[in-house]
1. In this structure, is residue B:102 part of a helix (DSSP H, G or I), touching a strand residue (DSSP E or B) at 6+ places or on another chain (Cβ under 9 Å), facing another protein chain (nearest Cβ under 10 Å) and under 30 Å from residue A:86 (Cβ atoms)?
2. Would you pick out the residues in the range A:244-273 that are part of a loop (DSSP other than H, G, I, E, B) and in contact (Cβ under 8 Å) with a residue 40 or more places away in the chain?
3. Being surrounded by 14 or more Cβ atoms within 10 Å (Cβ to Cβ), within 14 Å of chain B (Cβ to nearest Cβ) and in contact with a strand residue (DSSP E or B) (Cβ under 9 Å, 6 or more places away or on another chain) narrows it down to one of A:196, A:132, so name that one.
4. Is it true that residue A:152 is without any contact (Cβ under 8 Å) to a residue 40 or more places away in the chain, out of contact with any strand residue (DSSP E or B) (no Cβ under 6 Å at 6 or more places or on another chain) and surrounded by fewer than 17 Cβ atoms within 10 Å (Cβ to Cβ)?
5. Name the residue, out of A:143, A:165, that is under 16 Å from the mean Cα position of the chain (by Cα), within 12 Å of chain B (Cβ to nearest Cβ) and either surrounded by fewer than 16 Cβ atoms within 10 Å (Cβ to Cβ) or at pLDDT 95 or above (or both).
6. Can you name every residue in the range B:126-165 that is out of contact with any strand residue (DSSP E or B) (no Cβ under 7 Å at 6 or more places or on another chain), under 21 Å from residue A:111 (Cβ atoms) and either at the interface with chain A (Cβ under 10 Å from one of its Cβ atoms) or not in a strand (DSSP E or B) (or both)?
7. Give the range B:67-99 a look and list any residue that's part of a loop (DSSP other than H, G, I, E, B) and either free of Cβ contacts under 8 Å to residues at least 40 places away in the same chain or crowded, with 17+ Cβ neighbours inside 10 Å (or both), or say none.
8. Considering only the range B:105-115, state which residues are away from chain A (no Cβ under 13 Å) and either surrounded by 21 or more Cβ atoms within 10 Å (Cβ to Cβ) or part of a helix (DSSP H, G or I) (or both).
């Protein structure tokens, strides 16, 4: 053996001699794509056991050395690190990576599902491109984000993925109604919907009149500062302060207006609020 | 005269024995978990910053996931995969176990060291992307025969999402480099 090494060193063929000493060897692909077939070449002669170990696969079969080992698309459907191992008397191994294929779907998460109008940085979306085998596509691609209401385009931007993700954040629109949020990549399109609702009331005003049983108080039509009518069910709080003390009534908005009947016979001051917004104050005289 | 067996008041031997039996697997699990070293750097997390409590949970659950994965792929059993993995990661890990059961192979991951870097944390906090530079000793066995044995460094791109009581790994994809 020492003589063999000496001869190899003298001839400058150490690597070749090392190979000659090995019973078998294998050469893996430099690059492979998920779901695409490829092959591994082997050297040597006789039979050997071939193993493929990777994400989702653990294959073992007999092969003839010197021939190519075919790896099917099914063997390599998951992107990641694979080890090819060839064993006869000893084992030789080599690793290679399988990368994701072309984007075939977009995972698109949009928040929130319901948003008040005219809010800064209120709507955001995150998109992940995946290939047909659900491997994350890490090669940069452009994802186009578009936000449209029924009559206006609010936002349109192409964002390049970084580490397999693209995202945006923007303001909500001015008018209540459905907001279509679209992410597209080549011919792939994924849609989400966000419901834009009126924001806080603006210029909350009430009127009141005495009736036989007390005071009937009601709001003027309640709008936000963009002119959207507040949705039915929004609570308006009326507070009456008179000689009998203090009385509070919560009333829901119905078709833009909230009404309440307050029990008070003396001179009464009535104020109104909805959420964090205060309205005007009125004074109603005592019952004649 | 026959020696009387002495009992310590309040000490019940069968109960003690049962307790020891119950404790041993827990200690084993702790030992396996303790061998998985994980460090997490959250400085580059964007657009949302990762809160300290979240950082601790991610660390804890990522470490547990690798402990579980190592157990599943060593003993070819599905149970350890059920909590810490979801989505695609769970699918391919289960597929690997099924495939290993058929081929007779098993993986042994030891001396694990994971250097994690958070590179993306979504605005609403519902997904985090991590880059893991993992170093471990990997043995692949065909039955009892050792067919592969080496120390490796592998880079993983990881997507984790929060569940009811833990963060789960949804995507675990090895890449040549970041």
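The values are calculated or read from the model by the stated rules, or taken from the named source; none is laboratory data. Given the structure is predicted, the values throughout are model-derived calculations rather than measurements. Using ideal geometry, Cβ is built from the backbone for each residue, glycine included, and neighbour counts are taken over all protein chains shown.
1. It is true that residue B:102 is part of a helix (DSSP H, G or I), touching a strand residue (DSSP E or B) at 6+ places or on another chain (Cβ under 9 Å), facing another protein chain (nearest Cβ under 10 Å) and under 30 Å from residue A:86 (Cβ atoms).
2. Across the range A:244-273, the qualifying residues are A:258, A:263, A:264, A:265.
3. After ruling out the rest, the residue left standing is A:132.
4. Yes: the conditions hold for residue A:152.
5. Matching residue, one of A:143, A:165: A:165.
6. B:163, B:164
7. B:76, B:77, B:78, B:82, B:84, B:86
8. Of everything in the range B:105-115, just one residue is away from chain A (no Cβ under 13 Å) and either surrounded by 21 or more Cβ atoms within 10 Å (Cβ to Cβ) or part of a helix (DSSP H, G or I) (or both), namely B:114.
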